[in-house]
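Peer 1: Handing you a structure now.
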Amino acid sequence: DLRAAGTDSHPIGDAALDQLRAECRQLGIVTQDPVLLRMFLDVKRGAQSPLTVLFLGEPGTGKELFARAVHRLSPRAGRTFIAVNMAAISPELFESELFGHIKGSFTGASADRRGYFELAHHGTIFLDEIGDLRLDHQSKLLRVLQEKSFYRVGATAPTTVDVRIVAATNRDLQRGVSEGWFREDLYFRLKGLVFRLPPLRERTGDIPAIADQCLADIAQQMGRPVPQLSNDALRVLTEHDWRGNVRELRHALERAVALSDGPLLTKLSFDLE
């Protein structure tokens, strides 16, 4: 039941692909891969709707980039985009962080505080790593998605919000439903539009362009000239498995630039396992 990337029955011409590449670049997405470009076209179409969007994929495949693209391509583009790493929220502070609290509702609550959902009112909230959410927190999140309202911690009146939900995970939520660690009703609530981002090893043709973009960014941050990649370095990068995907590739380039004195990076500049 997942919408597979590249299954559009209508072929896309070269001119249209070039246009999609340019649009992706404007959103920080570097790709020439036809499969990913077709998926981006579906993302672009889906962004115009109010449906919840769920991005699946390994760490480092660009889920947050695509989530931000959904926001920027949507009617809510001029409003707030709030990104929340669900795995990083302390279980004790889950409700306070997401829904806010009232002054004096617990020790340390020295003032009223708006939560992430309220901050994203009329905009988009991105719930990253949603597959790591505890079951009791899943039920509280489900209630908000269904009713579009919640209670701040310590409040007696509900707060109503209008937010677009975009979520992401690197875990298999269908498996989670069958094994009991992810609620089936929440899963169905999240899967309005589902996109699976391919790992870097499935689009190795993008590695040279991504490496060039990363090197330009890294050199600017370090205040150094942009280094070039030798042919043997480019071959090593293209043939590597990149289990951490673009994130791992960028870290490898950062190390190589930091330890290099010259304007050219060779295969000896990279220590890849």
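The values are calculated or read from the model by the stated rules, or taken from the named source; none is laboratory data. As the structure is a prediction and not an experimental result, all values here were calculated from the model. Because the Cβ atoms are built from the backbone with ideal geometry, glycine has one as well, and the counts that use them run over all protein chains shown. Note: areas computed on protein heavy atoms with side chains; ligands, DNA, RNA excluded. Shrake-Rupley method; radii C 1.70, N 1.55, O 1.52, S 1.80 Å.
Peer 1: Scan the helices (runs of 4 or more DSSP H) fully inside segment 1-111 and keep the ones with 3 or more residues being under 20 Å from LEU173 (Cβ atoms), of a type in the set (A, V, I, L, M, F, W, C) and in contact (Cβ under 8 Å) with a residue 60 or more places away in the chain.
Peer 2: Per the criteria, 63-72.
Peer 1: In segment 177-190, is there at least one residue being touching a strand residue (DSSP E or B) at 6+ places or on another chain (Cβ under 8 Å) and on the phi < 0 side of the Ramachandran plot? Break it down into steps so the answer makes sense when it comes.
Peer 2: Restricting attention to segment 177-190, the residues satisfying the condition of being touching a strand residue (DSSP E or B) at 6+ places or on another chain (Cβ under 8 Å) are 190.
From the residues that got through so far, the ones that are on the phi < 0 side of the Ramachandran plot too are 190.
Yes; the residues of segment 177-190 include at least one that is touching a strand residue (DSSP E or B) at 6+ places or on another chain (Cβ under 8 Å) and on the phi < 0 side of the Ramachandran plot.
Peer 1: If you go through segment 238-263, how many residues are in contact with a strand residue (DSSP E or B) (Cβ under 7 Å, 6 or more places away or on another chain) and within 22 Å of VAL30 (Cβ to Cβ)? So that I can check it myself, show each step before the final result.
Peer 2: Start the filter on segment 238-263 by keeping residues that are in contact with a strand residue (DSSP E or B) (Cβ under 7 Å, 6 or more places away or on another chain), which leaves 256, 263.
Of the ones still in play, those that are also within 22 Å of VAL30 (Cβ to Cβ) are 256.
Going through segment 238-263 one residue at a time, the tally reaches 1.
Peer 1: Ok, one more. Filter segment 184-217 for residues that are buried (at least 19 other Cβ atoms within 10 Å of the Cβ) and farther than 17 Å from LEU65 by Cβ and give the result.
Peer 2: LEU186, LEU190, LYS191, LEU215
Peer 1: Can you pull out every residue in segment 218-229 that is open to solvent by less than 60 Å² (accessible area, probe 1.4 Å) and either part of a loop (DSSP other than H, G, I, E, B) or in contact with a Cys (Cβ under 6 Å, 6 or more places away or on another chain) (or both)?
Peer 2: First, the residues of segment 218-229 that are open to solvent by less than 60 Å² (accessible area, probe 1.4 Å): 218-219, 227, 229.
Within segment 218-229, just PRO227 meets the criteria.
Peer 1: So which residues in segment 106-133 are open to solvent by 40 Å² or more (accessible area, probe 1.4 Å), modelled with pLDDT under 90 and of a type outside the set (Asp, Glu), if there are any at all?
Peer 2: Selection gives PHE106, THR107, GLY108, SER110, ALA111, ARG113.
Peer 1: If I go through segment 121-152 residue by residue, how many of them are of a type in the set (A, V, I, L, M), over 17 Å from LEU93 (Cα atoms) and out of contact with any Leu (no Cβ under 6 Å at 6 or more places or on another chain)? Quick ask: steps written out before the conclusion?
Peer 2: Of all residues in segment 121-152, those of a type in the set (A, V, I, L, M) come to 125, 127, 130, 133, 135, 141-142, 144-145.
Subsequent filtering for residues that are over 17 Å from LEU93 (Cα atoms) retains 125, 142, 145.
From what's left, out of contact with any Leu (no Cβ under 6 Å at 6 or more places or on another chain): 125, 145.
The qualifying residues number 2.
Peer 1: Quickly run through segment 230-269 and pick out the residues that are under 17 Å from GLY60 (Cβ atoms) and buried (at least 17 other Cβ atoms within 10 Å of the Cβ).
Peer 2: At the first step, the residues of segment 230-269 found to be under 17 Å from GLY60 (Cβ atoms) are 237-238, 240-255.
Matches in segment 230-269: LEU237, HIS240, TRP242, GLY244, ASN245, VAL246, GLU248, LEU249, ARG250, ALA252, LEU253.
Peer 1: Related question: Quickly run through segment 147-164 and pick out the residues that are at pLDDT below 90 and exposed (fewer than 14 other Cβ atoms within 10 Å of the Cβ).
Peer 2: Residue satisfying the conditions is THR156 alone.
Peer 1: Here is a list of conditions, (1) surrounded by 15 or more Cβ atoms within 10 Å (Cβ to Cβ); (2) at pLDDT 95 or above; (3) not β-branched (Val, Ile, Thr), and SER96 meets all of them except one; can you say which number that is?
Peer 2: Here SER96 clears every test but (2).
Peer 1: Do you know which of the residues in segment 41-69 that are open to solvent by 30 Å² or more (accessible area, probe 1.4 Å) and touching a Gly at 6+ places or on another chain (Cβ under 6 Å) is farthest from GLU129 (Cα to Cα)?
Peer 2: The extreme case among them is LEU51.
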